[in-house]
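The values are calculated or read from the model by the stated rules, or taken from the named source; none is laboratory data. As the structure is a prediction and not an experimental result, all values here were calculated from the model. Positions of Cβ are generated from backbone atoms using ideal geometry, with glycine treated the same way; all protein chains shown enter the neighbour counts. Accessible surface areas use protein heavy atoms only, side chains included; no ligands, DNA or RNA. Shrake-Rupley method; radii C 1.70, N 1.55, O 1.52, S 1.80 Å.
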Amino acid sequence: VNVSGRKTGPRTVDFEWTVTEAAELDVKIMDPRGIPNKDPLKIRQNITEDQPPKASITDPAPFALATPGSIVPLSGTAEDDLGLAEVNLVRALVGYRDRVKALGPITSPARFDFQSSLDLKAIGTKPGDILEFYLEAADLNPSLTGLGSSEIVRIHIISENEYAAMIRARTTTEEFIARYRAVDEQVTKLENA
């Protein structure tokens, strides 16, 4: 295949070709008089299929409970094999439309980490609300097929009273288990005696 190049410096030439398959190339460069370079330039080209980005939310857990006055930590990661074009946090209150918050990146890194927090009081949540979040990442693929998203994280908003009842129940259960273990140890000691 003949490819035309252009001189970019006293000893440099710039040329392009479309990669259609993996191959080993011997590049012969000829000067305007038709004289080729002494030793051909050897190039190996491989084709690696572009993979869609991977995104994950690491905090909070996939299902969490919170009270209306809580501040919920949010963190996650997006990665791509070639580079990320954008990363968005998609937020929704179940029953309402999604809201997108652009997180970055400014450049096109292969990895993007984010940490933030969400003040539930500031956004006016109330008991019974269910918030949903997911991370969406787009790569630099020009055919727009490079899009990945995380699993959905749900935060169920409960009242302060419900939270207090859960703490009391947990404390009561922990105390019961501790008492049961103490009685069990005494019974075991009596049986051994």
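Quick notes on this structure:
- Taking the 1.4 Å solvent-accessible surface of the chain as the whole, the part contributed by carbon and sulfur is 53%.
- Rough spin-label spacing in nm, given labels placed 7 Å along Cα→Cβ, for residue 16 and residue 152: 4.3
- GNM result for the chain, Cα springs below 10 Å: residue of 58, 12, 20 fluctuating most strongly: 12
- Cα centroid separation - the stretch 1-80 against the stretch 141-183, whole Å: 42
- Residues whose placed amide H lies under 5 Å from that of residue 59, excluding near-sequence neighbours: 75
- Considering only 47, 68, 157, and ranking their Cα positions along the charge dipole of the chain that arises from unit charges at the beta-carbon of Lys, Arg, Asp and Glu, the one farthest toward the positive end is 47.
- Residue of 116, 75, 149 that the Gaussian network model of the chain assigns the largest fluctuation, springs spanning Cα pairs under 10 Å: 116
- Under 5 Å between amide hydrogens, built in the peptide plane, is the criterion, and for residue 67 it picks out 158 among residues at least 5 positions away or on other chains.
- Cα lying deepest toward the dipole's positive end in the chain, options 17, 114, 133, charges on Cβ: 17
- Loop-located trypsin sites (Lys or Arg not before Pro) in the stretch 59-119 (DSSP state other than H, G, I, E, B) with a sparse environment of at most 13 neighbouring Cβ atoms within 10 Å: 97.
- Annotation: amide H of residue 129 within the under-5 Å range of 157, sequence separation 5 or more or interchain, hydrogens built in the peptide plane.
- Applying a DSSP loop filter and a limit of 15 other Cβ atoms within 10 Å to the GluC sites (Glu not before Pro) in the stretch 1-69 leaves 16, 21, 49.
- Mean residue ellipticity (222 nm) of the chain, computed from DSSP H runs ≥ 4 via -39,500 (n - 2.57), nearest 500: -6000 deg cm²/dmol
- Pair residue 188, residue 25: separation of 7 Å Cα→Cβ label points (nm): 7.3
- A simple charge model with +1 on the Cβ of Lys and Arg, -1 on the Cβ of Asp and Glu and nothing else charged puts the dipole of the chain at about 500 debye relative to its Cα centre.
- Set of lysines with alpha-carbon distance to residue 121 below 24 Å, sequence-local pairs under 8 removed: 101
- For the chain, built as a Gaussian network whose Cα springs stay under 10 Å, the top-fluctuating residue of 64, 55, 23: 23
- Förster radius 25 Å - calculated FRET efficiency between residue 45 and residue 85, Cβ distance, rounded to 0.05: 0.55
- Counted without the sites themselves, the longest stretch of the chain free of chymotrypsin sites (Phe, Trp or Tyr not before Pro) in a DSSP loop having at most 16 other beta carbon atoms within 10 Å is 97-193.
- Computed with a 1.4 Å probe over protein heavy atoms only, the accessible surface of the chain comes to 74 Å² per residue.
- Formal net charge of residues neighbouring residue 45 (Cβ-Cβ distance under 15 Å; K, R +1; D, E -1): -3
- Phi-based couplings in Hz for the stretch 22-27 (Karplus 6.51, -1.76, 1.60; Gly and Pro marked x): 5, 6, 10, 10, 10, 9
- Phi-derived couplings, Karplus 6.51 cos²θ - 1.76 cosθ + 1.60 at θ = phi - 60°, listed residue by residue for the stretch 33-43: 8, x, 8, x, 5, 4, 10, x, 7, 9, 10 Hz, with x used for Gly and Pro.
- Computed from Cα positions, the angle between helix 160-192 and the longest principal axis of the chain comes to roughly 70 degrees.
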